[in-house]
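Working notes for the structure below.
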Amino acid sequence: MSRLRIYNATIVTPEGRNALKGSEMTTGVKRVPDAEIVIEDGVITAIGPSRGNLGDSADIDAKGRVVVPGFVDSHTHPVFGGWRPEEFGWRLRGDSYMSIMNRGGGIVSTMRATREATEEVLRAKTLALLDRAATMGVTTMEAKSGYGLDLDSELLQLQVIASLSADPSTPVTLTSTFLGAHAVPPEWAGNPDGYIDYIISDVLPRVKEKGLAESVDIFCEEGVFSVEQSRRLLKAAREMGFTLKIHADEIVTTGGAELAAELGALSADHLLHASDAGIDALARSGVVATLLPLTAFTLREPFARARQMIDSGCAVALATDLNPGSCCSGSIPLTFALACIYMNMSIEEAITAMTLNGAAAIGRADTIGSIEVGKRGDIVMLDADTPDFLPYFTGMNIVAMTVNGGRVVYDNRAAKIVIK
């Protein structure tokens with residue numbers, strides 16, 4: 001039996017098996033000083049007062065540091081070929097995301113590079129991104145396809161995710177989402193309805209047959225896929241047994257949030273331009289509002305209205321949106337800072353959003369997202385005695401250790417920044 005004990009720690013964690021909504025995102029956060037956590041065979045089996053050094057080599061002295069649940073990055077696109085640094089320069093000159101996409105850049109540019117990439121190249125590149133994520137405290141990540149836009153390439157991306165998930169040395173636990181409806185590929189130009197038909201008839205059944213995805217997502221946006229096209233694809237996916245996620249109301253207000261509530265999706269993501277009615281619908285339905293402040297920051301767009309969403313009773317999650325185009329960043333430290341500084345979230349709300357609510361956004365709140373007996377032993381030790389340092393050290397990484405399922409996957413305790 002594997003065993004790990006962390007003692008002399010201050011635990012800061014939300015509690016529960018479901019997403020926390022509204023004021024619960026603050027009141028549901030528990031602080032336990034001078035505590036210890038025992039993890040056996042990957043699962044937390046005991047939490048209690050610290051008994052100090054028991055002389056066991058599997059014991060880790062936190063030395064008064066804060067420990068929080070492993071961060072759950074519930075919206076990422078880490079499997080892709082190529083890079084698009086030139087588009088960043090274009091945006092700096094004032095070109096919009098959609099104008100770049102309309103002239104053959106954006107998602108279709110990455111599509112070409114991904115179709116040309118081998119499985120080995122895609123796997124190595126994705127693993128490198130996961131290694132970086134682990135250094136910032138990410139223990140679980142949702143990984144989307146969506147850069148192949150045809151049967152073979154979409155299956156290849158999902159196979160890369162499955163291969164990494166099956167490898168016990170992978171530092172981050174992955175969940176898989178099929179996002180074939182990320183853009184209309186050139187061979188279906190001018191015929192988005194036909195492309196949706198193709199996904200429903202030819203691609204989704206193969207994804208289901210091979211067991212390569214848990215969820216299905218779609219880019220519901222003006223000039224990409226309409227609400228009706230999104231509804232048709234997602235209803236078909238739901239009938240096949242997939243859970244649902246939606247890229248909603250990112251560029252303009254489309255009613256994507258309302259559609260997510262109507263269909264009972266796990267989450268509606270982006271929501272920069274979600275309407276008041278959409279926010280209210282999310283609150284009533286319990287669909288998690290997954291906000292991606294790094295994307296708003298890099299696109300120089302207004303941030304999503306997190307404060308209104310929380311005050312309206314929504315369950316809000318935070319994620320990075322790591323991708324090769326609109327947001328080539330998986331920075332957890334900057335995500336915390338932007339959420340607190342520009343989106344008016346409290347530190348407790350941001351922690352809940354990045355842990356338990358992120359877990360709910362991928363259907364995992366019953367097993368991860370909080371430090372509680374019976375949950376997976378995913379722990380982040382900060383080089384600080386208070387979680388206030390997460391946004392205060394703006395954009396700086398203060399993770400001292402990342403533990404995934406009781407296994408130490410990153411250890412930087414020697415490089416003290418805060419704790420004296």
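Structure data summary
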read-out: Cα centroid of the stretch 125-174 to Cα centroid of the stretch 19-51, whole Å; value: 28 Å
read-out: Listed residues V67, V184, V316, most fluctuating in the chain (Gaussian network, C-alpha, under 10 Å); value: V184
read-out: Only Lys, Arg (+1) and Asp, Glu (-1) charged, at Cβ; the chain dipole about Cα centre in debye; value: 720 debye
read-out: Exposure rank, largest accessible area first [L92, L129, L158; 1.4 Å]; value: L92, L129, L158
read-out: Whether the stretch 279-420 is rounded, prolate or oblate, judged on the alpha carbon gyration tensor where a/c under 1.5 counts as rounded; value: oblate
read-out: Whole-percent carbon and sulfur share, accessible surface of the chain, 1.4 Å; value: 51 percent
read-out: Förster radius 30 Å - calculated FRET efficiency between T135 and F88 (Cβ-Cβ, nearest 0.05); value: 0.85
read-out: Euclidean distance between Cα centres, the stretch 312-361 to the stretch 221-271, Å; value: 20 Å
read-out: Difference of contour (0.36 nm per residue) and Cα-Cα distance, A58 to D311; value: 86.7 nm
read-out: Loop trypsin sites (Lys or Arg not before Pro), the stretch 85-174 (other Cβ atoms within 10 Å of the site Cβ: 16 or fewer; DSSP); value: R93, R103
read-out: Relative contact order computed over the stretch 174-315 (Cα-Cα under 8 Å; 6+ residues apart), in percent; value: 17 percent
read-out: Cα gyration tensor shape of the stretch 321-401, rounded if a/c is under 1.5, else prolate or oblate by comparing a/b with b/c; value: oblate
read-out: Mean Cα-pair separation over length for the stretch 232-373, i.e. relative contact order, pairs under 8 Å, 6 or more apart, %; value: 18 percent
read-out: Relative contact order (%) - criterion: Cα under 8 Å, at least six apart; region: the chain; value: 22 percent
read-out: Stokes-Einstein D (µm²/s) once Rh is taken as the Kirkwood radius of the stretch 1-113 over alpha-carbon pairs, at 10 °C in 1.306 mPa s; value: 86 µm²/s
read-out: Fluctuation leader among G52, G405, G106 - the chain, Gaussian network, Cα springs under 10 angstrom; value: G52
read-out: Lys, Arg +1 and Asp, Glu -1 on Cβ, resulting dipole of the stretch 49-200 about Cα centre, debye, nearest 20; value: 600 debye
read-out: Within the stretch 217-292, GluC sites (Glu not before Pro) in DSSP loop having at most 16 other beta-carbon neighbours inside 10 Å; value: E222
read-out: Where the chain is the region considered: accessible area per residue in Å², 1.4 Å probe; value: 36 Å²
read-out: For peptides 42-48, 277-283, sequence by mean Cβ density within 10 Å, most packed first; value: 277-283, 42-48
read-out: Rounded to the nearest 20 debye, dipole of the stretch 275-364 from Cβ charges on Lys, Arg, Asp, Glu; value: 120 debye
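The values are calculated or read from the model by the stated rules, or taken from the named source; none is laboratory data. In this text, all values refer to a predicted model and were calculated from it rather than measured experimentally. Ideal geometry is used to build each Cβ from the backbone, glycine not excepted, and the neighbour counts take in all protein chains shown. The accessibility values were calculated without ligands, DNA or RNA, using every heavy atom of the protein model including side chains. Shrake-Rupley method; radii C 1.70, N 1.55, O 1.52, S 1.80 Å.
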